[in-house]
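Novice: Structure in structure tokens, see below.
The values are calculated or read from the model by the stated rules, or taken from the named source; none is laboratory data. Keep in mind the model is a prediction, meaning the values are calculated, not measured. Every residue, glycine among them, receives a Cβ derived from its backbone with ideal geometry; neighbour counts consider all protein chains shown. Note: areas computed on protein heavy atoms with side chains; ligands, DNA, RNA excluded. Shrake-Rupley method; radii C 1.70, N 1.55, O 1.52, S 1.80 Å.
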Amino acid sequence: MSENPMMFTEAEKQALAVRLRQAARRQRRAGKRQLPRRLIAVCAAAALMAAAAGAASGRLFHTPLYDQAGASLAINGQPLPSEARMVLHSDGSATITVSGAEGEAPTVITAPPATVEALLNGETDAGFTVTRLDGMPYALSVEEGRLWLFVNERIPLDVTDRIGAGYTFRYTDENGLQQSATISGTVEDYTVE
């Protein structure tokens, strides 16, 4: 999290509570595996803080990776002129970084292994939605020597250090079917099978 804690109004807190209850009802109806309520609350709160940071900027700024991939970010349905990126750690956790406005520090969220697994499996989006203009189920972009994997509407994932041994990911194809693919090689010369 950023060093300056953000304060939420009572209306924002109530709106978050309503969204969490609605999300829980949707998940129960869909029959998907339930995430613990505390985990949902932590993810939603983190997403709201990131949204508030982005909304506070009030102006557009350059988003190089997203510009290159023709992508945009929304948090809890609110479009933001920011980027969110995820880096996996060896212990199964991940760091999600949401860019701040020019001159502002980014918001850094540490996601526990259970949340990361749910994010990578598409079981939750933790409030983050990434939309790409090409509409394809996945895309790869190189920025500053790093290879970023955009899967469906998920936060892009840094796969640079994982492709040497091959990194397998799951995605939903155009027909709504679950598929998997493996990226291998190097940033300069990778293949997807």
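Novice: Quick check: is even one residue across region 98-109 free of Cβ contacts under 8 Å to residues at least 24 places away in the same chain and within 13 Å of the chain's Cα centre (by Cα)?
Specialist: No, the conditions are met nowhere in region 98-109.
Novice: Based on what the data block shows, is ALA126 open to solvent by less than 50 Å² (accessible area, probe 1.4 Å), at pLDDT below 90, part of a loop (DSSP other than H, G, I, E, B) and at positive phi?
Specialist: Considered against the rule, which asks whether it is open to solvent by less than 50 Å² (accessible area, probe 1.4 Å), at pLDDT below 90, part of a loop (DSSP other than H, G, I, E, B) and at positive phi, ALA126 comes out as yes.
Novice: Quick one: LEU119 ticks every box in (1) modelled with pLDDT of 95 or more; (2) surrounded by 18 or more Cβ atoms within 10 Å (Cβ to Cβ); (3) not aromatic (Phe, Trp, Tyr) bar one, so which box is it?
Specialist: (1)
Novice: Can you tell me which condition SER72 does not meet? The list is (1) part of a strand (DSSP E or B); (2) open to solvent by less than 50 Å² (accessible area, probe 1.4 Å), and all the others hold.
Specialist: (2)
Novice: Can you run down the residue pairs with Cβ atoms below 8 Å, 6 or more apart or on separate chains, where the first is in region 155-167 and farther than 19 Å from PHE128 by Cα and the partner is assigned to a loop (DSSP other than H, G, I, E, B)?
Specialist: Correct list of pairs: THR160/GLY145; THR160/VAL187; ILE163/THR186; ILE163/VAL187; GLY164/THR186; TYR167/VAL159.
Novice: On to the next question. When TRP148 is evaluated against the numbered criteria (1) open to solvent by less than 50 Å² (accessible area, probe 1.4 Å); (2) assigned to a strand (DSSP E or B); (3) more than 24 Å from GLN78 (Cβ to Cβ), which criterion, by number, is the only one it fails?
Specialist: Of everything listed in (1) open to solvent by less than 50 Å² (accessible area, probe 1.4 Å); (2) assigned to a strand (DSSP E or B); (3) more than 24 Å from GLN78 (Cβ to Cβ), TRP148 misses just condition (3).
Rundown of residues vs (1) open to solvent by 30 Å² or more (accessible area, probe 1.4 Å); (2) outside any loop (DSSP other than H, G, I, E, B); (3) in contact (Cβ under 8 Å) with a residue 60 or more places away in the chain, yes/no style:
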| position | (1), (2), (3) |
| --- | --- |
| THR131 | yes, yes, yes |
| ALA139 | no, yes, yes |
| VAL142 | yes, yes, no |
| PHE169 | no, yes, no |
| ALA181 | no, yes, no |
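Novice: Take region 151-162 and flag every residue that is at pLDDT 95 or above and either of a type in the set (A, V, I, L, M, F, W, C) or part of a strand (DSSP E or B) (or both).
Specialist: LEU157, ASP158, VAL159
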